[in-house]
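Scroll down for the structure; my scribbles are underneath it.
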Amino acid sequence: MGGAMDLVSNPEGTKVIVLMDHVAKGGKHKILKSCELPLTGKACVSMIITDICVFEIDRHAGKMTLIELAEGVTLDEVRSKTGADYDVSPNLRSMDG
């Protein structure tokens, strides 16, 4: 009924984009190396868009790539607020355009 299972049951046929705040209250990491909560689906997210950046997800390789930064956000800030490993795109651009 809710639809989440429909979306994550066929990640090759759907594009799951997560929109979220980058950190929790108190600055705790929300993007982690592994999920600490029960999973609705595994390896089904295509992109994560937060208030400070955008990550593209390669589900097959199990890798995240930073592709966009919000205005005024630095690479060091993203690194300090992210609890998972990621690559930085050579074509890193601003979220504004």
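Which condition from (1) of a type outside the set (S, T, N, Q); (2) surrounded by 13 or more Cβ atoms within 10 Å (Cβ to Cβ); (3) under 10 Å from the mean Cα position of the chain (by Cα); (4) modelled with pLDDT of 95 or more is the one that V73 breaks?
In the conditions (1) of a type outside the set (S, T, N, Q); (2) surrounded by 13 or more Cβ atoms within 10 Å (Cβ to Cβ); (3) under 10 Å from the mean Cα position of the chain (by Cα); (4) modelled with pLDDT of 95 or more, V73 misses (3) alone.
Regarding L32, is this residue under 16 Å from V18 (Cα atoms) and of a type in the set (A, V, I, L, M, F, W, C)?
Numbers: under 16 Å from V18 (Cα atoms): yes; of a type in the set (A, V, I, L, M, F, W, C): yes.
It is true that L32 is under 16 Å from V18 (Cα atoms) and of a type in the set (A, V, I, L, M, F, W, C).
Out of the residues in segment 31-56 that are in contact with a Gly (Cβ under 8 Å, 6 or more places away or on another chain), modelled with pLDDT of 85 or more and part of a loop (DSSP other than H, G, I, E, B), which is surrounded by the fewest Cβ atoms within 10 Å (Cβ to Cβ)?
Quick first cut of segment 31-56, residues in contact with a Gly (Cβ under 8 Å, 6 or more places away or on another chain) only: 31-33, 43.
From what's left, modelled with pLDDT of 85 or more: 31-33.
Right, trim to part of a loop (DSSP other than H, G, I, E, B) and you get 31, 33.
Details: I31: 19, K33: 10.
Out of the qualifying residues, it is K33.
Any residue in segment 69-97 that is in contact (Cβ under 8 Å) with a residue 40 or more places away in the chain sitting within a Cβ distance under 7 Å of a residue that is of a type in the set (F, W, Y) and assigned to a strand (DSSP E or B)? List the pairs, counting only those 6 or more apart or interchain.
No pair meets every condition.
The values are calculated or read from the model by the stated rules, or taken from the named source; none is laboratory data. Only a predicted model underlies this, so the values are computations on that prediction, with no experimental measurement involved. Here the Cβ is made from the backbone with ideal geometry for all residues, glycine too, and neighbour counts use every protein chain on show.
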